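This report concerns only the one structure given below.
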Amino acid sequence: MMQLVRSAYVIARRDFAATVLSKAFIFFLLGPLFPLLLGGLFGTIGARVATQTERPTVAVVGTQSDFTRYSNARNQLAEAMGEQQVVRLIYVTQDPADRGHPERVLTSSSVSARAVLYGSLDEPHVVGNLSPNDPVASQLRLIVKTAREPESRAAPLSMTRAEAAPPGLSQDRALTGQLGQMILFFLTILLSGMLLSQLIEEKSNKIIEVIAAAVPIDALFVGKLFAMLAASVLGIVVWVGSGALLVQLVKQGGVSALPPPAVGWPAFLTFGVTYFAMNYLLLGAVFLTIGAQATTVREVQTLSMPVTFAQVLIFGFASTSIGSPNSPEALAAAVFPLSSPMVMLARAAEVPGLWTHVAALAWQLLWVVLILRMGARLFRTTVLKSGPRPRWWKRKPVT
């Protein structure tokens with residue numbers, strides 16, 4: 001046992017240093033930043049375009065004093081409803097030749113308005129693509145009513161602050177569990193591919209046979225698996241540590257707005273790191289088993305594609321536990337080893353208690369050992385040709 005641990009430590013230290021100290025690892029760390037930057041840039045542009053297109057504009061044709069009163073009334077409505085929820089008013093000076101035809105403002109290339117408000121304050125008229133029950137028309141009625149009574153003020157309202165129990169706390173906690181599941185899934189899928197690329201590189205260079213002759217196969221698999229886990233954790237630490245946007249989200253309530261998990265934030269974050277490690281070990285053990293059977297990059301891609309699709313199905317299977325952690329589907333997903341880490345992380349957000357997580361971690365660790373033993377045996381018999389001889393009925397006839 002001690003020899004296995006020492007051999008695995010040597011392999012893990014070698015692979016960790018070869019991965020982290022390489023130039024490719026720097027580009028690997030910078031890789032996720034480019035999609036985030038592009039996503040943030042295009043998201044900002046899209047949000048600005050959506051705001052400008054969804055927020056209707058109404059042109060006001062009339063005197064400057066009437067427009068001032070309309071604008072003040074509109075600002076009062078915006079204070080109550082929010083700036084982005086109220087129509088935008090613009091003042092338009094109509095050409096003398098077009099007086100009496102306010103609809104021509106809608107076809108003007110210099111004005112992009114959905115409707116035109118014209119006439120005096122006592123007899124206003126609206127022309128445009130509006131129906132009487134349109135929200136824009138309802139807002140214009142309130143704006144005109146407030147503009148006619150500029151001296152009116154909102155009635156004083158006596159308020160007393162009291163803490164109330166949040167309704168639907170279980171549904172809110174399900175959101176925290178779902179977010180944790182998604183982060184766990186995408187991080188594992190993103191980082192577990194390093195195992196395949198490194199193993200196929202060593203197999204193509206015939207290095208894996210030399211290493212396998214010096215250390216046990218089980219130690220080889222364990223060492224590689226934990227080395228890539230340590231490199232993945234290092235990458236996550238770098239990404240989180242360099243994420244200035246994450247600090248801004250916390251300050252502005254983006255993360256703090258999430259409902260607290262049932263086990264509390266310290267335990268939930270601890271389970272998040274632990275279940276990421278277990279999910280990575282389980283997936284990595286499967287990928288190592290697949291990579292051990294392949295000899296070329298094409299074979300790796302062919303074999304890993306069904307596993308990737310299967311992981312999407314497993315993620316969907318694990319998502320059935322959201323909102324109903326004690327249902328038969330959720331319990332089955334918690335028992336199935338490949339979906340168990342994601343299900344149990346969501347369960348930590350919805351259900352209090354710690355003993356179930358201890359049992360789940362022991363169950364997942366058992367399956368990591370079983371998958372690694374199976375992968376090592378397959379590697380020994382199919383690649384190194386050093387396993388036990390097949391039974392007499394499986395032997396090929398001698399020609």
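Rule-based calculations on the coordinates, nothing more; no lab input. Since the structure is predicted, the reported quantities are computational estimates derived from the model, not experimental observations. Cβ: placed from backbone, ideal geometry, glycine included. Neighbour counts: every protein chain shown.
Assorted remarks:
- Phi angles across region 335-344 convert, under the Karplus curve 6.51 cos²θ - 1.76 cosθ + 1.60 with θ = phi - 60°, into 3J(HN,Hα) values of 7, 5, x, 6, 9, 4, x, 5, 5, 6 Hz, Gly and Pro given as x.
- Each of 93, 115, 64 was placed along the dipole of region 55-151 (beta-carbon charges, centred on the mean Cα), and the one lying farthest toward the positive end is 115.
- Cβ-defined net charge surrounding residue 8, 13 Å radius [Lys, Arg +1; Asp, Glu -1]: +2
- Peptide ranges 367-378, 75-86 listed from the most packed, as the mean C-beta count within 10 angstrom indicates: 367-378, 75-86
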